[in-house]
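Let me begin by presenting the structure, written as structure tokens, before commenting on it.
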Amino acid sequence: MSETIPSGDNTLLRETVSSREIGRVERFLGPENYRIVTGLLKTPASVMGFVLITFFALIALAAPVIAPPVNPNEPYKIPRDGFRAEPQPMGSQWKTKAPPLPFWWKPVMGTDKWEHILGTSQGQYDVFYGIIWGTRTAFRTGLIVTISTFLIGIIIGSVSAYYGGIVDNIIMRIVDVFLTLPFILAALILATILTPRIGKSLYPAIIALVSFGWMGYARIIRGDILSIKERDYVMAARVIGVKDSRILFRHIIPNAIFPTLVLASLAVGDVVLSFAGLSFLGIGTEVGYADWGQVLSFARNWITSLDTYWYIIVWPGLALVLYVMGFNLVGDALRDVLDPRMRGKS
Amino acid sequence: MVEGVIKKYKLDRPLYEQYWTWLVGTVDVGSGERHGGILFGDFGYSRTGSQPVAELIKNRFPNTLDLTIWAVAPVILVGIWLGVQAAVHQNTIIDQAGRIFSIVGTSFPTFVFGLLMLMFFYVKLGWFPPGRMSDWASVIVRTNEFHSYTTLLTIDALLNGRFDIFLDALRHMFMPILTLSYISWATFLRVTRSSMLETLRMEYVVTARAKGLTEHDVIFKHAQPNAMISVVTLAGFSVVSLLGGVVITETVFNYPGIGQAAASAAAQLDVITVLGFALFNGFILIVSNLVVDVLYAVVDPRVRLS
């Protein structure tokens, strides 16, 4: 296709239409998505959020180096130092079965005696180890739940929007029914029912959170698809006889998915919050599994002496709050960027 | 024995028949008595509560309702006030402080916040105890002189003229109320702020300013009532989520409401009890949605006219 170049003097035209360089990234993402990305990178709050997320991601990746497991086959089992109930204060020595010393220990701490840096919790579970490996659990559960809910939401939402009419109506009413259930209670119930059937592990809680977490994505992608399916290129594809599924997956979804994708990536924080709530209530993993909610739940038995044993809630609690805050900071900035009234402003 | 149980609960029958039995129960041919049937209010026997589920709900729900009633006012009023302040002072230090406040609020897990409060207000300072009431109060409440009019402890205490018991109950509810409030304020702040910002851009607000009204009148008489329309939905939802969200709060503060009972039932895999609470929760949800719809008409004259 050749462009018709207007003949004659077009300096006036060139001056009115401001031109700027369009970079490779912008070309790849498209103008609207590019605006979302740059908007996020310009807000100080969201940059701080990205820093927090990166920090936790590094901890999760380096967990075997920061806190080497006693038994490499079961790294998520928090090592115990004896079986006494009383939590031990920060800095107390390992007495039995100390895990191997990490490489950073001697240069940083100046001794070659393993200590409980952040103390031990009820039953002598090492708090530091629980927090470090709990970061991995947080990312694992967060990612599994987010990706699954995202996929389910995308499929249901796009089918609903693409076919419209009665299909759309039925699916959206089902979505409404799911939305009326109180999230934590519904998840709690499902996880309770599942636990005796599939055993104590991360999965009852994960399945429960997925089952009641997909509706938001379905609604958002539905709205975006409803506007995109009226575009000319979709009409063109339909005219030349492309199959429904191919139109949906090749032409519509790739163009509609970006806002939902960004929202989903930020839901990881909320998922971890709900997951911690469930494991605090005793739903989920075995006692002693490296999971922040699990570590925190020990504190329930020591409420009257929390002023002495403050470290069994403050440290794991801080990890959880900062982790979730990282995602929320980015999410808050995103809400401003996605606000339709902001569109067109830089 | 096993066969008797299978027969009794019709476990050898097809699924739809079992479901029907669960719904309406079975009628004993000899005595004409009905056994089971959730439609007739029989939710089964709670293993963890050691009493029928319906009894358990009847005993526990007034406590939760009492807590919710006292929590609703601070949650909604303070939440809206914060949102209005943030919107009126948009992009100033007040707005930024509100933003940080709400981000921290949404990031705080209820139970961590609750445990920190226990550590500070209960263990360190000894101001506010957990639980429902002090021992001396529960002794008085159990006597015959203390009449139970509404089953809501705070209101009963006032009706009996026992102001000391009323204060004691409030003292025990302080921490759960503050926890529930802080978590909800963040959401209220955000919704009120954006709704208020939108309203402040309307032309009638400009008109109000142009005709020389004071800033106070412009904001509280012209803008705020209109900004409240979207907040009402949220308020309705928040009552529901307060009733559902008390699960963790009640557990942390050892407050004997339905949330705590549901949580301990769930932790011990007592499906029957949990199911009973779920159905009850659904009932509450429908009722409060109805209330929200009616409230809409009160707040928004356009809904009333059409």
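Build a GNM of chain A with springs between Cα atoms under 10 Å: which of A:GLY284, A:GLY331, A:GLY123 gets the top mean-square fluctuation?
A:GLY123
So how long is each side of region A:262-324 along the principal axes, counting just the alpha-carbon atoms, biggest first, in Å?
Dimensions of region A:262-324 along the principal axes of its Cα atoms: 43, 23, 16 Å.
Would you mind telling me the share, in percent, of accessible area of chain B contributed by carbon and sulfur at probe 1.4 angstrom?
66
Looking at chain B, do any whole DSSP H helices span at least 20 angstrom along their long axis by alpha carbon and average 1.6 or above on Kyte-Doolittle, and which?
B:271-299
Using a 7 Å offset from the Cα along the Cα-to-Cβ direction at both B:LYS124 and B:TYR296, what is the distance between the two label points in nm, to one decimal?
Output for this residue pair reads 4.6 nm.
Per residue, what accessible area does the protein assembly as shown have, given a 1.4 Å probe and all protein chains present, in Å²?
52
Can you figure out the FRET efficiency of A:TYR233 with A:ILE166, using R₀ = 22 Å and their beta-carbon distance, to the nearest 0.05?
Calculated transfer efficiency: 0.25.
Please express the shape of region A:51-342 as an equivalent ellipsoid: the semi-axes are the square roots of 5 times the eigenvalues of the C-alpha gyration tensor, given largest first in whole angstrom.
Semi-axis lengths for region A:51-342 are 45, 20, 16 Å.
Leaving ligands, DNA and RNA out of it, rank A:ILE166, A:ILE154, B:ILE155 by accessible area with a 1.4 Å probe, largest first.
From most accessible down to least: A:ILE166, B:ILE155, A:ILE154.
B:GLN268 versus A:VAL51, label points 7 Å from Cα toward the beta carbon: distance in nm?
Label at B:GLN268, label at A:VAL51, 4.9 nm between them.
Please give, to one decimal in nm, the separation of the simple spin-label points placed at A:ARG84 and B:PHE163, each 7 Å out from Cα toward the Cβ.
Here the modelled spin labels are 5.1 nm apart.
Which semi-axes, in whole Å and largest first, does the equivalent ellipsoid of the protein assembly as shown have when worked out from the alpha carbon gyration tensor as the square roots of 5 times its eigenvalues?
Output for the protein assembly as shown: semi-axes of 44, 35, 30 Å.
Taking 0.36 nm per residue of sequence separation and subtracting the Cα-Cα distance, how much length would be gained by fully extending the chain between B:GLU215 and B:TYR9, in nm to one decimal?
67.3 nm
Quote to one decimal, in nm, the extra length available between A:ASP244 and A:LYS42 on full extension: 0.36 nm per residue of separation minus the C-alpha distance between them.
68.7 nm
In 5 Å bins starting at 0, how do the alpha-carbon pair distances of region A:216-346 split up by percent?
Result, from short to long distances: 2, 9, 13, 13, 12, 10, 9, 9, 8, 6, 5, 3, 1, 1, 0 percent.
Report the A-B buried area as the accessible area lost on both sides summed, probe 1.4 Å, in Å² to the nearest 100.
When A and B are taken together, about 3300 Å² of accessible area is lost.
Can you sort A:TYR203, A:TYR129, B:TYR16 by 1.4 Å-probe accessible area, starting with the largest?
B:TYR16, A:TYR203, A:TYR129
Looking at chain B, identify the longest residue range that excludes and avoids all GluC sites (Glu not before Pro) in DSSP loops having at most 11 other Cβ atoms within 10 Å.
In chain B, the maximal stretch lacking such sites is B:146-306.
Counting each DSSP H run of 4 or more residues in chain B as -39500 (n - 2.57), what helix-only mean residue ellipticity at 222 nm follows after dividing by all residues, to the nearest 500 deg cm²/dmol?
Computed mean residue ellipticity for chain B: -22000 deg cm²/dmol.
Treating cross-link reach as a plain straight distance, find the aspartates and glutamates whose alpha-carbon is under 13 Å from the alpha-carbon of A:LYS106, omitting any fewer than eight places away in the same chain.
A:GLU115
For chain B, I need the span (max minus min coordinate) of the C-alpha atoms along each principal axis, in Å, sorted largest to smallest.
83, 52, 38
With every protein chain left in place, what is the accessible area of A:SER201 in Å² (1.4 Å probe, nearest 10)?
30
Enter the accessible area of B:HIS89 (Å², nearest 10), with the probe set to 1.4 Å and all protein chains included.
60
Let me confirm one metric for peptide B:263-270, namely the mean number of other chain beta-carbon atoms within 10 Å of its residues' beta-carbons.
Going residue by residue through B:263-270 and averaging, the value is 5.
Please list, in chain and number order, the residues 5+ apart from B:SER46 or on another chain whose amide H is under 5 Å from its amide H, with Hs placed from the backbone.
HN-HN under 5 Å from B:SER46: B:GLN51, B:VAL53.
Taking the Cβ-Cβ separation of B:THR92 and A:ILE155 as r and a Förster radius of 56 Å, what is the calculated FRET efficiency to the nearest 0.05?
After rounding to 0.05, the efficiency reads 0.80.
Run the numbers on chain A and let me know its relative contact order in percent, using alpha-carbon pairs under 8 Å that are six or more apart.
Value for chain A: 24 percent.
Rounded to the nearest 10 degrees, what's the angle between the helix A:127-163 long axis and the longest principal axis of chain A, both from Cα atoms, 0 to 90?
On a 0 to 90 degree scale, this one is about 30.
Roughly how many whole Å is it from the C-alpha centroid of region A:279-335 to that of region A:69-119?
Using only Cα atoms, the two centres lie 20 Å from each other.
The values are calculated or read from the model by the stated rules, or taken from the named source; none is laboratory data. What you see is a predicted model; the values in this text were computed from it and never measured. FYI the Cβ positions are ideal-geometry reconstructions off the backbone, even for glycines, and counts take in every protein chain you see. Surface accessibility is based on the protein's heavy atoms, side chains included, excluding ligands, DNA and RNA. Shrake-Rupley method; radii C 1.70, N 1.55, O 1.52, S 1.80 Å.
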